[in-house]
Ligand SMILES: C[S@@+](CC[C@H](N)C(=O)[O-])C[C@H]1O[C@@H](n2cnc3c(N)ncnc32)[C@H](O)[C@@H]1O
């Protein structure tokens, strides 16, 4: 029997994954940042910080932040890397609205431009960014290969891809403890705090079917990325993937 490779937030409907994901993030946008801090005990901030620290070594001056959501990764990049420009794009208008407010409040609106769009059909020219990055975004793509191929297209030759994504811890006892937390505890807190029945159950399910570690770097290599590598964070709860065009 073939392994299931894609899950959707609202499995009881035939609507496409893209439409379901957009409507889910539009719905949970007001609660998203707060829930991230609660559910990860604030560690998500450290994961983004570490990812940007790795990207800083490349000194990219033009950055595309894919699936920026409420712009946390773009803001961290603007403050730490200090590039000339960051385009922060997302398919959910409500997530972007919150991101826009945060960017303005921090006085970063000259550097970060927020744009509505679909990562699987990017409206940017080929070879136009020094770096393309995504935090907790690619897992939500309807077609992972298509989204990653688009990210490669808009990267300039020699440019850097950085992807931060959940992975599944492989070793005892974190593997077992995390599984219990992620499957049974997190969806309940998420349901209460986000007022969405399914969003945080989908989070668990989408991580289970997502190709992590070498499975992800194999996909990157197959699509034409070079030097694909990964860095494990927090015992494998999260992984940073770095590759080159
Ligand atoms: C879990 S959030 C991550 C947000 C942010 N990057 C962060 O670090 O918190 C996932 C985001 O991916 C966006 N997304 C999902 N599919 C997308 C697509 N095809 N194109 C653009 N954004 C997409 C969602 O709207 C959502 O804002």
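Residue-by-condition table, conditions (1) surrounded by fewer than 19 Cβ atoms within 10 Å (Cβ to Cβ); (2) touching a helix residue (DSSP H, G or I) at 6+ places or on another chain (Cβ under 7 Å):
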position	(1), (2)
132	no, yes
138	no, yes
155	no, no
160	no, yes
166	no, yes
174	yes, yes
177	yes, no
185	yes, no
In the stretch 188-210, which residues are farther than 14 Å from residue 35 by Cβ and without any contact (Cβ under 8 Å) to a residue 12 or more places away in the chain?
197
Matching entry among 147, 137, 158, 69 (being more than 19 Å from residue 240 (Cβ to Cβ) and at pLDDT 95 or above):
158
Name the residue that is nearest to the ligand (Cβ to nearest atom), counting only residues in the stretch 103-150 that are within 14 Å of residue 76 (Cα to Cα) and under 15 Å from the mean Cα position of the chain (by Cα).
135
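Tell me which residues, restricted to the stretch 41-52, are assigned to a helix (DSSP H, G or I) and out of contact with any strand residue (DSSP E or B) (no Cβ under 9 Å at 6 or more places or on another chain).
So the first thing to find is which residues in the stretch 41-52 are assigned to a helix (DSSP H, G or I), and the list is 43-52.
Scanning the stretch 41-52 gives 45, 49.
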I'm trying to understand the selection: among the residues of the stretch 75-93, which are buried (at least 19 other Cβ atoms within 10 Å of the Cβ), part of a helix (DSSP H, G or I) and in contact (Cβ under 8 Å) with a residue 40 or more places away in the chain?
77
Filter result for residue 6 (surrounded by 12 or more Cβ atoms within 10 Å (Cβ to Cβ), within 13 Å of the ligand (Cβ to nearest atom), within 22 Å of residue 186 (Cα to Cα) and at pLDDT below 90):
yes
Scanning the stretch 94-126 residue by residue, those surrounded by fewer than 22 Cβ atoms within 10 Å (Cβ to Cβ) and touching a residue at least 60 places away in the same chain (Cβ under 8 Å) turn out to be 94, 97, 98, 118, 120, 124
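State yes or no: is residue 214 more than 15 Å from the chain's Cα centre (by Cα), within 16 Å of the ligand (Cβ to nearest atom) and surrounded by fewer than 22 Cβ atoms within 10 Å (Cβ to Cβ)? Even if it seems obvious, please write down each step before you answer.
Working: more than 15 Å from the chain's Cα centre (by Cα): yes; within 16 Å of the ligand (Cβ to nearest atom): no; surrounded by fewer than 22 Cβ atoms within 10 Å (Cβ to Cβ): yes.
No.
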Can you spot a residue in the stretch 53-62 that is near the ligand (Cβ under 10 Å from one of its atoms), assigned to a helix (DSSP H, G or I) and either crowded, with 21+ Cβ neighbours inside 10 Å or without any contact (Cβ under 8 Å) to a residue 24 or more places away in the chain (or both)?
no
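The values are calculated or read from the model by the stated rules, or taken from the named source; none is laboratory data. The model shown is predicted, which means the values in this text are computed figures rather than measured ones. As a convention, Cβ positions derive from the backbone with ideal geometry for all residues, glycine included, and neighbour counts pool all protein chains shown.
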